[in-house]
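Here is the structure we will look at, set down as structure tokens.
The values are calculated or read from the model by the stated rules, or taken from the named source; none is laboratory data. Everything numeric in this text was worked out from a predicted model, so none of it was measured. Every residue, glycine as well, gets a Cβ built from its backbone with ideal geometry; the counts of neighbours run over all protein chains shown. Calculation scope for accessible area: heavy atoms of the full protein, side chains included, ligands and nucleic acids excluded. Shrake-Rupley method; radii C 1.70, N 1.55, O 1.52, S 1.80 Å.
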Amino acid sequence: MAPHTSNVVVMLSFLLLSLSLSPAVYARNNLCDDTTDTNNYIKNGGFEDDADLVQAALAGTEREGMYLYMEPSDWTRTGWNIIALNGNAPWGGLSSQVGSYFCVLQRSFASIEQTVTGLKKDREYELSFLAAARPRYGYAEKLSVYVNNKEVLAENEPFEGFRREKVVVQADSNGEMKIKFQNLSPPGLDSSVFIDDIQLRIQRDCGEGAICMVENEQSTDYMCSCALEEYTGTATTNTKASCTHVVNTLEDVKKSVGVVDKKVDSVTDLLEKGIAVVDARQNETSQALLDKITSLENKLQKLMDNDLDDLDKRIKNNLNQINKNVGDIKKAQDTADDNTKTLTNLKQALKKALVDIKDVSSGRNPNFEPEFVGADGTVKITVANKAHVQVNEENILVEPEIQDMVKTSIEGILRDISDAM
């Protein structure tokens with residue numbers, strides 16, 4: 001049998017094996033497709049455009065026409081990409097049951113990318129594809145999908161059999177969508193992921209903010225759900241949903257938060273400035289108060305020094321005056337004592353004299369010579385017939401005159417004593 005004939009037999013055997021599998025696993029429910037636009041906006045999404053190149057690959061070998069390392073048409077590749085025949089043995093014998101070929105992303109970071117243009121920026125699109133892992137090469141395979149550099153399917157783990165994945169996406173403001181499939185399996189492993197039947201179809205118009213959803217591939221009804229970001233509302237069945245756009249509310253909240261933040265910052269600045277002013281004034285006030293206290297202390301010390309000096313002088317003067325007064329008082333006391341003794345002696349002498357004069361007037365003793373001891377010695381008094389008397393032979397006054405003289409003398413002595421006291 002010719003090699004080409006054997007390859008055909010192998011291909012037919014794998015195709016028969018693939019047809020024995022349930023097609024429901026790979027079917028796509030199209031209830032959410034826009035019935036007025038049935039276009040698939042992905043170019044070469046089934047990788048059939050390079051069939052001629054693949055069929056010519058490995059010519060003359062038992063693997064002729066089974067696979068080819070190449071960059072798929074309309075796609076940009078990174079790393080190792082292979083276009084493989086459905087059901088080929090070297091890549092595990094899997095079939096997507098869609099067309100004849102699928103794409104292999106071999107090893108970590110291998111990828112294919114395509115930019116779709118001419119899309120409606122205000123409509124939702126469903127990106128769907130079949131994915132599988134290479135059989136019997138472990139279970140570490142991971143696949144990620146990016147739309148406009150945003151990861152929309154994160155490290156999906158494909159089965160060792162094709163399974164349909166789908167995600168709702170939107171174009172950018174220019175109506176463009178850059179779609180990228182990348183193998184994110186752990187580095188260092190010969191881990192490969194398969195992809196096929198990539199479709200990008202515009203969805204039913206479920207109303208602003210709503211997307212079309214089906215419960216499963218066998219569903220007969222579709223549902224419009226307000227599931228887009230910044231929208232809310234109640235889901236409806238087989239009809240448009242009425243969704244509320246909350247972006248304005250969010251923007252208002254953000255603006256309010258921004259305003260509050262600015263006000264808080266402003267208040268914080270004012271508080272900080274106020275605190276700084278208060279601290280400065282407090283420092284100034286404290287310094288001024290300290291200066292005043294110091295000044296008062298100096299003045300008080302000066303006054304105290306002056307007052308103490310003056311008080312010391314006054315005390316000394318008063319002590320001197322007191323000592324002088326004490327001396328004067330002592331002198332006066334001494335004088336008073338002397339006057340008292342003199343007065344006493346005088347009183348005694350006068351008493352005797354007056355008594356004697358009285359006796360003379362009564363005629364009992366017309367001539368007598370009383371004597372008494374005074375301050376100057378012995379005094380001799382002579383009285384004759386109630387007329388004149390002689391003291392030490394000197395004539396003196398009669399009795400009334402003597403009494404007046406004595407009275408005047410005594411009064412003078414008493415005044416002197418009073419002044420001295």
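A Förster radius of 41 Å combined with the Cβ-Cβ distance from Leu271 to Thr294 puts the calculated FRET efficiency at roughly 0.75. Here the gap between Ile329 and Lys302, fully extended at 0.36 nm per residue and compared with their Cα-Cα distance, gives a gain of 5.8 nm. Taking all Cα pairs closer than 8 Å and separated by 6 or more residues, the relative contact order of region 203-333 comes to 12 percent.
Measuring between alpha carbons in the structure, the pairs from Lys166/Lys240; Lys142/Lys240; Lys121/Lys180; Lys299/Lys324 lying more than 27 angstrom apart are Lys142/Lys240; Lys299/Lys324.
Within the shell defined by Cβ-Cβ distances under 11 Å, the residues around Ser100 carry a net charge of -3, with Lys and Arg each +1 and Asp and Glu each -1. Element breakdown for region 86-225 at a 1.4 angstrom probe: carbon and sulfur atoms account for 45% of the accessible area.
Quick check for me: using +1 on Lys/Arg Cβ and -1 on Asp/Glu Cβ, what's the dipole size of region 111-172 about its Cα centre, in debye to the nearest 20?
Values: 10 positive and 11 negative charges, 34 e Å.
Computed charge dipole of region 111-172: roughly 160 debye.
What number comes out for accessible area per residue over region 109-170 if the probe is 1.4 Å? Units Å², please. Could you put the intermediate results ahead of the total?
Details: 2890 Å² over 62 residues.
Accessible surface, normalised per residue, equals 47 Å².
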